[in-house]
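Just dropping this structure here.
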Amino acid sequence: MAAIKIKDNIYFVGAIHWDRRLFDELIPLPEGTTYNSYLIKGSEKTAIIDAVDPATNSILFNNLHSLKVDKIDYIIANHAEQDHSGAIIDLLELYPDSKVVTNSKCKDFLKDLLHISEESFIVVNEGDTLSLGDKTLTFFLTPWVHWPETMVTYLKEDKILFSCDFFGSHYSFSQFFVEKEKRSEILTYAKRYYGEIMMPFRTQIKKNTEKVEKLDIDYICPSHGPIFKEPSLIINAYKDWISDNVEKKILIPYVSMHDSTKIMVEYLVDILTEKGNDKGIKVKPFNLTYTDIGEFVIDLVDTSTVIVASPTVLAGAHPVVAYAVFLMNALRPKTKFVGIIGSYGWGGKMVEQLTSMLTNIKPELLEPVVIKGLPTNQDFELLDRLAETIIEKNTF
Ligand code: FEO
């Protein structure tokens, strides 16, 4: 692809990784991702804001070549993670007079992760500015978005916020701006990204959102996904996700091996649908064997209740269910109520095992329904009672 003009003397020079399907060897990428690097040509100096993943270095360099960039004065590193910093080593080789501009914490990370030498850096602090001539960059520290060293860069004259991972989405595109007809789709991918990357740091994200929304912003240029020409679209979405509000939504992640657990899940879904519909309560089962775990995470962002359903395997929960609970605990959602249902053959400690995994979040635990073998009428009555409790808890 070619470099794309964003505004006068400001270009997208990054890479679109259409066919990447996994991030951190963990996060599914159904729409690939992008590594947005931006070139800013000031009247006196030229800067590049964030680089690209090393796997796509050649795309960045071809874009710079196409724009005939023979000098880069500053490489701004908003974040040390290698999907944005990895190309810095080669950039420094190609443009040996350039300096890496970042905060002191990020500098330390870059030295550790990429072995960049001390003399290559210019260190900036909160509110510091850097003149490119007719354009001025200001740096704001936004720690824990999602690493401790993260910062954003604001271009005053063009009212652009370069936010790196903040407000980003793993979404490949050929349209560089979020157009009206794509808003809903992009926000879903941004919500997925928030859930997977930002949600564990909700308190810090809230503080940082409050900090950046005070700026006069026309464009938000993140380093993953398309550019927001209406900053309020993504800022308001973030405000909603980081708020304490939850939706009356019951998620049921489950695995079933010989259908007993599946029968329980289907019964619970039916009864919650029947009795909760007129109360605005939504219910959503997730067969974890076949579902992209990212879709589960999207709903975790604002769901009130999670009912975990599992058969007993080797005296505990099915490992796939245990993974989902481990992930939920690590992502620290706002979930208020958690229940456990499932079936066993000859015993086990599934309930103790799963509840002991919830160390980061403190939901109210609902009475578990773990039964022997195929559910009986008596077992269905237990599920009726659980459904009543769920509806009662979700009447707010
Ligand atoms: Fe996109 Fe935290 O790197």
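The values are calculated or read from the model by the stated rules, or taken from the named source; none is laboratory data. This is a predicted model, so every value here is computed, not measured. Using ideal geometry, Cβ is built from the backbone for each residue, glycine included, and neighbour counts are taken over all protein chains shown. All accessible areas refer to the heavy atoms of the entire protein, side chains included, with ligands and DNA or RNA removed. Shrake-Rupley method; radii C 1.70, N 1.55, O 1.52, S 1.80 Å.
Does at least one position in the stretch 162-176 carry a residue that is in a strand (DSSP E or B), surrounded by 24 or more Cβ atoms within 10 Å (Cβ to Cβ) and in contact with a Leu (Cβ under 8 Å, 6 or more places away or on another chain)?
Within the stretch 162-176 (the criterion being in a strand (DSSP E or B), surrounded by 24 or more Cβ atoms within 10 Å (Cβ to Cβ) and in contact with a Leu (Cβ under 8 Å, 6 or more places away or on another chain)), the answer is yes, since at least one residue qualifies.
Here's a follow-up. Tell me the strands (runs of 3 or more DSSP E) entirely within the stretch 1-112 that contain at least 1 residues that are within 24 Å of the chain's Cα centre (by Cα) and not assigned by TED's automatic domain parsing to the domain that holds THR291.
Hits in the stretch 1-112: 10-12, 15-17, 33-35, 38-41, 46-49, 74-76, 99-102.
Being within 23 Å of the chain's Cα centre (by Cα), open to solvent by less than 60 Å² (accessible area, probe 1.4 Å) and of a type in the set (Gly, Ala, Ser) narrows it down to one of GLY276, GLY294, so name that one.
Sole residue among the options that is within 23 Å of the chain's Cα centre (by Cα), open to solvent by less than 60 Å² (accessible area, probe 1.4 Å) and of a type in the set (Gly, Ala, Ser): GLY294.
On to the next question. Quick check on TYR254: is it more than 16 Å from the ligand (Cβ to nearest atom) and surrounded by fewer than 20 Cβ atoms within 10 Å (Cβ to Cβ)?
Spelling it out, it is not the case that TYR254 is more than 16 Å from the ligand (Cβ to nearest atom) and surrounded by fewer than 20 Cβ atoms within 10 Å (Cβ to Cβ).
Under 8 Å between Cβ atoms, which residue pairs at least 6 apart in sequence (or on different chains) link something in the stretch 62-82 that is among the charged types (D, E, K, R) with a partner that is within 16 Å of the ligand (Cβ to nearest atom) and open to solvent by less than 20 Å² (accessible area, probe 1.4 Å)?
Sorted first by the residue in the stretch 62-82, then by its partner, the pairs are GLU81/ASP165.
Right, another one. Being surrounded by fewer than 21 Cβ atoms within 10 Å (Cβ to Cβ) and out of contact with any Pro (no Cβ under 8 Å at 6 or more places or on another chain) is the filter here; which residues of the stretch 179-201 pass it?
Those that are surrounded by fewer than 21 Cβ atoms within 10 Å (Cβ to Cβ) and out of contact with any Pro (no Cβ under 8 Å at 6 or more places or on another chain): GLU179, LYS180, GLU181, ARG183, SER184, GLU185, LEU187, THR188, PRO200, PHE201.
Does ASN277 satisfy being within 23 Å of PHE396 (Cβ to Cβ) and not assigned by TED's automatic domain parsing to the domain that holds LYS349?
When the stated conditions are applied, ASN277 does not pass them.
Looking for something over 22 Å from GLU119 (Cα atoms) and within 15 Å of the ligand (Cβ to nearest atom) - is there at least one such residue anywhere in the stretch 82-101?
Looking for residues that are over 22 Å from GLU119 (Cα atoms) and within 15 Å of the ligand (Cβ to nearest atom), one finds at least one in the stretch 82-101, hence yes.
Only one of these conditions is not met by ALA237: (1) open to solvent by 10 Å² or more (accessible area, probe 1.4 Å); (2) of a type in the set (A, V, I, L, M); (3) outside the structural domain of ILE49 (by TED's automatic domain parsing). Which number is it?
Of (1) open to solvent by 10 Å² or more (accessible area, probe 1.4 Å); (2) of a type in the set (A, V, I, L, M); (3) outside the structural domain of ILE49 (by TED's automatic domain parsing), only one is false for ALA237: (3).
Out of ILE10, ILE59, report the one residue that is under 22 Å from ILE227 (Cα atoms), open to solvent by 20 Å² or more (accessible area, probe 1.4 Å) and aliphatic (A, V, I, L, M).
So the residue among ILE10, ILE59 that is under 22 Å from ILE227 (Cα atoms), open to solvent by 20 Å² or more (accessible area, probe 1.4 Å) and aliphatic (A, V, I, L, M) is ILE59.
Among the residues of the stretch 117-150, what is the count of those that are assigned to a loop (DSSP other than H, G, I, E, B), away from the ligand (no atom under 16 Å from the Cβ), of a type outside the set (Asp, Glu) and surrounded by fewer than 20 Cβ atoms within 10 Å (Cβ to Cβ)?
The total comes to 4.
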